[in-house]
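Encoded as structure tokens, the structure appears first; notes follow it.
Rule-based calculations on the coordinates, nothing more; no lab input. Computed from a predicted structure; not experimentally measured. Don't worry about glycine lacking a Cβ; one is built from the backbone with ideal geometry, like all the others, and counts go over all protein chains shown.
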Amino acid sequence: VTERADVVIIGGGIVGAACAYFMCRAGLQVHLLERNFPASGTSRACDSLILLWDKTPGPELALGQASAALWTELAGSLDFGFEYARHGTILVAEDEQTLAAGCARASDLAAAGVHSEILDRSRLLSLEPELAPDLAGGIFFPDDAQIDSRRATLALLLAAQQQGLMLQTRAEVTGIRRGANGRISGVVTATGEIATERVVCAAGVCSGQIGRLVDFEVPVQPRQGQILVTAKVPNFIHHPLLEGGYVATVQSAAADLQVALVAELTASGTLLLGSSRRFSGFDRSTSPTVLQAIAARAVRFLPGLVRVSIIRSYAGLRPWSPDHLPLIGPTHIPGFYLATGHEGAGIGLAPITGQLLTAWLTGGNLPFFAAQVHPGRFNCGDISRTNS
Ligand SMILES: Cc1cc2nc3c(=O)[nH]c(=O)nc-3n(C[C@H](O)[C@H](O)[C@H](O)COP(=O)(O)OP(=O)(O)OC[C@H]3O[C@@H](n4cnc5c(N)ncnc54)[C@H](O)[C@@H]3O)c2cc1C
């Protein structure tokens, strides 16, 4: 069967879903191919925080702020609920030095419009009584939010389908065709072929495999993260909690294990405990060493957890990019676009990714940060718009 589409998106994670939503809304005829089912990759094996305070002021923060605003809009407009909650997050500081570094960060972020409130120890404990009594303090960031990433992926896909999206699951892309002039001409799956001149690779950690189908090297690597899930503990915490050292683990490119507390209560009352970071190829298995390190960090900050049962654990693969910014935009291969490399921020950054790629495809206005996330910065794309 040969069908035809203006754009074919490869990957039905949250990034592919957001691309589909904004492209359909702009009137493009879009076909999305997912080899398993929606959100079957990293977008179901993660936390779901929409964080601003982990972003560096400049293009990264601007990207985060634009995306956070889009999530607020989407929460008000999409039919299928995705548990959007804007309770803010709290940076917790184990010692005075970490608190001072957090305050310096909050002050830099304030200049870019990110709100925060410094919490001394007693105020911190009044907001979060389960925290250890010897912590130095914390910083409350009221603009941060939380969603359910699986529901959000479905919400975007359903809304896109209402605007004409052709969604095909169990459809693994095995080939990409190019014409004599090098332009993309079609996408091949086991069940057929779709004629198109534009392909968006939103395949997360598998983006390298998709790139190889057109002899294109995508500089994205899997960076594993593991999560512990507790039994239901409603109201155990009232905000997502992250330790001050979290940003250093995100920005580090060290190969060895990095662990920093991230605690997030889900709408169903379970607590998700992370975070770990490690380069271990495509290994999705959890390991006792990493889970024990996560548990030890969690108990350091929330001692009452020793009485709480763990019901399961999982691992996900973050699509890591070498300069810590995603790759969003056209490449030097005419018609081949990237929407990948979001590492630990793809849930938060999905909507702006969809909006930006739609602007590339339709000739819409590009914000200043489009150049900073352009794949061409790795010498693998073309900064001009001649191929859009
Ligand atoms: C432990 C952990 C915690 C995290 N916490 C947060 C957080 O709090 N906030 C945040 O913003 N981000 C967080 N992230 C990061 C976030 O989960 C990712 O950045 C995001 O899910 C990436 O989405 P994606 O759509 O690019 O990739 P994926 O969700 O992996 O989607 C890619 C899809 O492509 C499909 N695919 C691959 N190859 C093919 C093919 N050949 N043909 C067809 N389909 C194909 C896959 O099946 C998959 O469904 C976390 C990640 C982890 C691991």
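A compact table of results
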{"read-out": "Largest-first principal axis extents, alpha carbons of the range 25-183, Å", "value": "63, 35, 28"}
{"read-out": "Placed amide H near Arg223: partners under 5 Å, 5+ positions off or other chain", "value": "Arg318, Trp320"}
{"read-out": "Computed Rg/Rh of the chain, alpha carbon atoms with Kirkwood Rh", "value": "0.98"}
{"read-out": "Rh by Kirkwood over Cα pairs, then Stokes-Einstein D for the range 16-75 at 0.692 mPa s and 37 °C, µm²/s", "value": "239"}
{"read-out": "³J(HN,Hα) computed for each position of the range 172-180 - Karplus, 6.51 cos²θ - 1.76 cosθ + 1.60, integer Hz, glycine/proline x", "value": "7, 6, 10, x, 10, 8, 10, x, 4"}
{"read-out": "CD proxy at 222 nm, helix term only [per DSSP H run n ≥ 4: -39500 (n - 2.57); per residue of the chain; nearest 500]", "value": "-9000 deg cm²/dmol"}
{"read-out": "Dipole axis of the chain (+1 Lys, Arg; -1 Asp, Glu on Cβ), positive-most option in Thr249, Leu28, Leu271", "value": "Leu28"}
{"read-out": "Centroid-to-centroid separation of the range 170-203 and the range 85-124 [C-alpha atoms, Å]", "value": "47"}
{"read-out": "Cα Rg over Rh - the range 135-193, Kirkwood", "value": "1.30"}
{"read-out": "The chain: angle of helix 346-362 to the longest principal axis, Cα-based, in degrees nearest 10", "value": "30"}
{"read-out": "The range 179-223: Rg to Rh, with Rh as the Kirkwood radius over Cα pairs", "value": "1.00"}
{"read-out": "Loop-exposed trypsin sites (Lys or Arg not before Pro) per DSSP, neighbour cap 16 Cβ within 10 angstrom, longest uninterrupted part of the chain", "value": "233-384"}
{"read-out": "Alpha carbon Rg of the range 215-257, scaled by the compact-globule rule 2.2 N^0.38 Å", "value": "1.76"}
{"read-out": "The chain: angle of helix 59-77 to the longest principal axis, Cα-based, in degrees nearest 10", "value": "90"}
{"read-out": "Distant-in-sequence amide H partners of Ile9 (H built 1.01 Å from N, under 5 Å)", "value": "His31, Leu32, Leu33, Val200"}
{"read-out": "Residue-span extension gain [Asn181 to Ser122] - 0.36 nm each, minus C-alpha spacing", "value": "14.5 nm"}
{"read-out": "Translational D in µm²/s for the range 220-303 (Stokes-Einstein at 10 °C, 1.306 mPa s, Kirkwood Rh from C-alpha pairs)", "value": "119"}
{"read-out": "Residue-wise HN-Hα coupling along the range 29-34, computed from phi with Karplus coefficients 6.51, -1.76, 1.60 (Hz; x: Gly, Pro)", "value": "8, 10, 10, 10, 10, 10"}
{"read-out": "Viscosity 0.890 mPa s, 25 °C: Kirkwood-radius Stokes-Einstein D of the range 145-284 over Cα pairs, µm²/s", "value": "132"}
{"read-out": "In nm, spacing of pseudo-spin labels at Ala110 and Asn235 (7 Å Cα→C-beta vector)", "value": "3.3"}
{"read-out": "Counting DSSP beta bridges with both ends in the chain, the antiparallel % (nearest 5)", "value": "70"}
{"read-out": "Charge-dipole axis of the chain as Lys and Arg at +1 and Asp and Glu at -1 on Cβ define it, positive-most pick from Ile9, Ile328, Gly204", "value": "Ile9"}
{"read-out": "Euclidean distance between Cα centres, the range 1-60 to the range 261-308, Å", "value": "27"}
{"read-out": "Only Lys, Arg (+1) and Asp, Glu (-1) charged, at Cβ; the range 165-258 dipole about Cα centre in debye", "value": "240"}
{"read-out": "For the range 155-170, Karplus couplings with θ = phi - 60° (6.51, -1.76, 1.60), whole Hz, Gly/Pro x", "value": "4, 5, 5, 5, 5, 5, 4, 5, 10, x, 4, 9, 9, 10, 9, 6"}
{"read-out": "Positive-pole candidate from Val233, Gly192, Ala159, dipole of the range 138-286, charges at beta carbon", "value": "Gly192"}
{"read-out": "Net charge dipole size for the chain [Lys, Arg +1 and Asp, Glu -1 on Cβ; Debye, nearest 20]", "value": "900"}
